[in-house]
Amino acid sequence: MKLTFLGTGAADWQDKKAKESGELRRFSSALIDDVLLIDPGPHVFDALEAFGIDVKKIRYIISTHDHSDHFCIDTVKRLESAGAVLYHFSEGDSKKIGNYTVNAYGGNHATCAKTVHFMIADGPDTLFYALDGAWLCYEEYMAIKEFRPDLAVLDATIGDVDGDYRIFEHNNLNMVIEMKKSLDPYIKKFCISHMSKNLHGDHTELVKKMRKHDIIAAYDGLTLRF
């Protein structure tokens, strides 16, 4: 399985303007094997052009939730006109989409009650994708124990900021590190995405911090094969 991060930013990257360091993140979305898109947000086509990905290869669309940085109906319509099909998911759904089996679990994201996280398998390989959300729910933990994913992508919106109220619907870095301690026996690789523009420092510092815990810090255009 190949996972390409089209965007790795939270909703405060709406202006798509780089930081002084040159760092730029689009709204979070990801593409599996160039055919299955997770989250058709408004920055998808900009990312496809930037990374030289042919939109006509995208056949399937799934969405974690309907916040505007993750779901844009104009993006969906453009993708559908190029041949893609949108699949709707609710908590507890399991669907066969092409070569993939997709299971949906309720996510801990209070401002959108219908948020789902995905366990996506193509046979030999399995991805757990959990954006947006704070602490994983118990059902997700049990699913991780069962499926033992090759890669988990976790929310890291808040960075190192202490006392931020958003921990009730997003993770800070220490929350991710703590969850990894419990999930290490069941997940081969960990990765973080959905980084806030205003709650994180430079990406290079983030990479250094997370490398100590064997966690990958995603950036736009990163491709992981597993």
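The values are calculated or read from the model by the stated rules, or taken from the named source; none is laboratory data. Only a predicted model underlies this, so the values are computations on that prediction, with no experimental measurement involved. Please note: Cβ atoms are built from the backbone with ideal geometry, for glycine as well, and neighbour counts cover all protein chains shown.
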**Message:** Checking the conditions here, which among Gly163, Gly159, Gly201 is under 29 Å from Lys17 (Cβ atoms), without any contact (Cβ under 8 Å) to a residue 24 or more places away in the chain and of a type in the set (Gly, Ala, Ser)?
**Reply:** Gly163
**Residue count for the range 1-36, restricted to those that are outside any loop (DSSP other than H, G, I, E, B), aliphatic (A, V, I, L, M) and in contact with a helix residue (DSSP H, G or I) (Cβ under 7 Å, 6 or more places away or on another chain)** = 1
**Message:** Given the criterion within 29 Å of Val35 (Cα to Cα), surrounded by 17 or more Cβ atoms within 10 Å (Cβ to Cβ) and touching a strand residue (DSSP E or B) at 6+ places or on another chain (Cβ under 6 Å), identify the matching residue among Leu151, Leu206, Leu183, Leu136.
**Reply:** Leu151
**Test: Ile53 is β-branched (Val, Ile, Thr), loosely packed, with under 14 Cβ neighbours inside 10 Å and either without any contact (Cβ under 8 Å) to a residue 24 or more places away in the chain or under 27 Å from Met195 (Cα atoms) (or both)** = no
**Asked** Cβ-Cβ below 9 Å, separation at least six or inter-chain, first residue in the range 69-91 and at positive phi and charged (D, E, K, R), second outside any helix (DSSP H, G or I) and buried (at least 17 other Cβ atoms within 10 Å of the Cβ): which pairs?
**Response** none
**Request:** Read through the list (1) of a type in the set (D, E, K, R); (2) within 22 Å of Leu3 (Cα to Cα); (3) surrounded by 17 or more Cβ atoms within 10 Å (Cβ to Cβ), then give the number of the only condition that Glu146 fails.
**Result:** (3)
**Request:** Scan (1) of a type in the set (A, V, I, L, M); (2) at pLDDT below 95; (3) surrounded by 17 or more Cβ atoms within 10 Å (Cβ to Cβ) for the single condition Ala218 breaks and write down its number.
**Result:** (2)
**Prompt:** Would you say Asp132 is part of a loop (DSSP other than H, G, I, E, B), more than 16 Å from the chain's Cα centre (by Cα) and in contact (Cβ under 8 Å) with a residue 12 or more places away in the chain?
**Reply:** no
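Counting only residues that are of a type in the set (Asp, Glu) and touching a residue at least 40 places away in the same chain (Cβ under 8 Å), how many does the range 34-43 have? Walk me through it before giving the result.
The initial filter retains those residues of the range 34-43 that are of a type in the set (Asp, Glu), namely 34, 39.
Those left that are additionally touching a residue at least 40 places away in the same chain (Cβ under 8 Å): 39.
Selection size over the range 34-43: 1.
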**Fill in**
Filtering the range 15-35 down to residues that are more than 21 Å from Ser196 (Cβ to Cβ), aliphatic (A, V, I, L, M) and either in contact with an Asp or Glu (Cβ under 9 Å, 6 or more places away or on another chain) or modelled with pLDDT under 95 (or both) yields Ile32
**Asked** Condition test on Leu48, is it among the hydrophobic types (A, V, I, L, M, F, W, C) and crowded, with 23+ Cβ neighbours inside 10 Å?
**Response** no
**Request:** Of the conditions (1) within 27 Å of His109 (Cα to Cα); (2) under 16 Å from the mean Cα position of the chain (by Cα); (3) surrounded by fewer than 22 Cβ atoms within 10 Å (Cβ to Cβ), Asp34 clears all except one; give me its number.
**Result:** (1)
